[in-house]
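Taking it in order: structure first as structure tokens, then the write-up.
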Amino acid sequence: MKRGRPTWSEKLLQAPAPHTVLLERSFADVPSGSHLLIPSPAVVDQFVRTLPSGTTLTVKELRQQLARLAQADHTCPLTTGIFLRIVAEAAWEQFQAHQDLTQITPFWRVVDPQSPLARKLACGKEFIQKQRDREHVAATPPSLLHSPTVRSRKAKSTVPQIRQ
């Protein structure tokens, strides 16, 4: 009997390992000649889990920090967005299965409730905002949504090395 589509949690675990590529042509905001990290959902998940309560990062900051950890010039914007969605949806599945909120990946620290991604997530932007409120994260003014310096309380987190 053929199974249906994999769950988000299965997608989180089944993705290929992270690796870097040398770009021959410019891609999105990444110039040619750059070493580009293609992360994995597991790497994104591992990184987001290290963010302390009350801390937020933009997706751009997440990409910058992942690239730095992998000793790459940039992180792929396309796969990072896809993998962040997988991380968020898998965490929501775990929460819906009655897993303690403190045990799931705190994706709300990276996914802005006003972002296009938040509108796609099964949890809804209200859940993300509720978690940010619970952690006393200040609201981000619309003019600063894409600023790499917006934070609520803490400046940086300690993150594990990315293994390639």
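The values are calculated or read from the model by the stated rules, or taken from the named source; none is laboratory data. Note that the structure is predicted; figures quoted are calculated from it, not measured. Every residue, glycine among them, receives a Cβ derived from its backbone with ideal geometry; neighbour counts consider all protein chains shown.
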Six or more apart or on different chains, Cβ under 7 Å: which pairs go from a residue in segment 52-79 that's without any contact (Cβ under 8 Å) to a residue 24 or more places away in the chain to one that's among the hydroxyl-bearing types (S, T, Y)? Could you list them? R63/T75; R63/T80
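Could you tell me whether segment 31-48 includes any residue that is farther than 21 Å from L121 by Cβ, in contact with a Pro (Cβ under 8 Å, 6 or more places away or on another chain) and not in a helix (DSSP H, G or I)? Talk me through it step by step, then tell me what you get.
Our first condition is that a residue be farther than 21 Å from L121 by Cβ; within segment 31-48, this holds for 31-38.
Keeping just the survivors that are in contact with a Pro (Cβ under 8 Å, 6 or more places away or on another chain) gives 37-38.
Checking the rest, the ones that are also not in a helix (DSSP H, G or I) come to 37-38.
Scanning segment 31-48, I find at least one residue that is farther than 21 Å from L121 by Cβ, in contact with a Pro (Cβ under 8 Å, 6 or more places away or on another chain) and not in a helix (DSSP H, G or I), so the answer is yes.
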Within segment 5-30, the count of residues that are under 16 Å from K60 (Cα atoms), assigned to a loop (DSSP other than H, G, I, E, B) and hydrophobic (A, V, I, L, M, F, W, C) comes to 1
Going residue by residue through segment 155-164, is there one that turns out to be in a loop (DSSP other than H, G, I, E, B), modelled with pLDDT of 95 or more and crowded, with 18+ Cβ neighbours inside 10 Å? no
Flagged in segment 110-140 as of a type in the set (S, T, N, Q), outside any helix (DSSP H, G or I) and under 16 Å from the mean Cα position of the chain (by Cα), in numbering order, are Q114, S115
Scanning segment 90-109 residue by residue, the ones that are among the charged types (D, E, K, R) and either touching a Cys at 6+ places or on another chain (Cβ under 8 Å) or outside any helix (DSSP H, G or I) (or both) total 1
Among the residues of segment 54-64 satisfying the criterion of being under 11 Å from the mean Cα position of the chain (by Cα) and part of a helix (DSSP H, G or I), which is nearest to L22 (Cα to Cα)? R63
So K60 passes all but one of these: (1) closer than 26 Å to H136 by Cβ; (2) of a type in the set (D, E, K, R); (3) in contact with a Leu (Cβ under 8 Å, 6 or more places away or on another chain). Which condition number does it fail? (3)
Suppose we filter segment 13-57 for residues that are out of contact with any helix residue (DSSP H, G or I) (no Cβ under 7 Å at 6 or more places or on another chain) and farther than 17 Å from I82 by Cβ; how many remain? 16
Which numbered condition D73 misses (of (1) touching a His at 6+ places or on another chain (Cβ under 8 Å); (2) surrounded by 22 or more Cβ atoms within 10 Å (Cβ to Cβ); (3) more than 30 Å from E135 (Cα to Cα)): (2)
Among the residues of segment 1-12, which ones are within 21 Å of R85 (Cα to Cα) and surrounded by fewer than 19 Cβ atoms within 10 Å (Cβ to Cβ)? G4, R5, P6, T7, S9, E10, K11
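Okay, residues lined up against (1) hydroxyl-bearing (S, T, Y); (2) modelled with pLDDT of 95 or more:
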position	(1), (2)
K2	no, no
A15	no, no
A28	no, no
T50	yes, yes
K60	no, yes
R68	no, yes
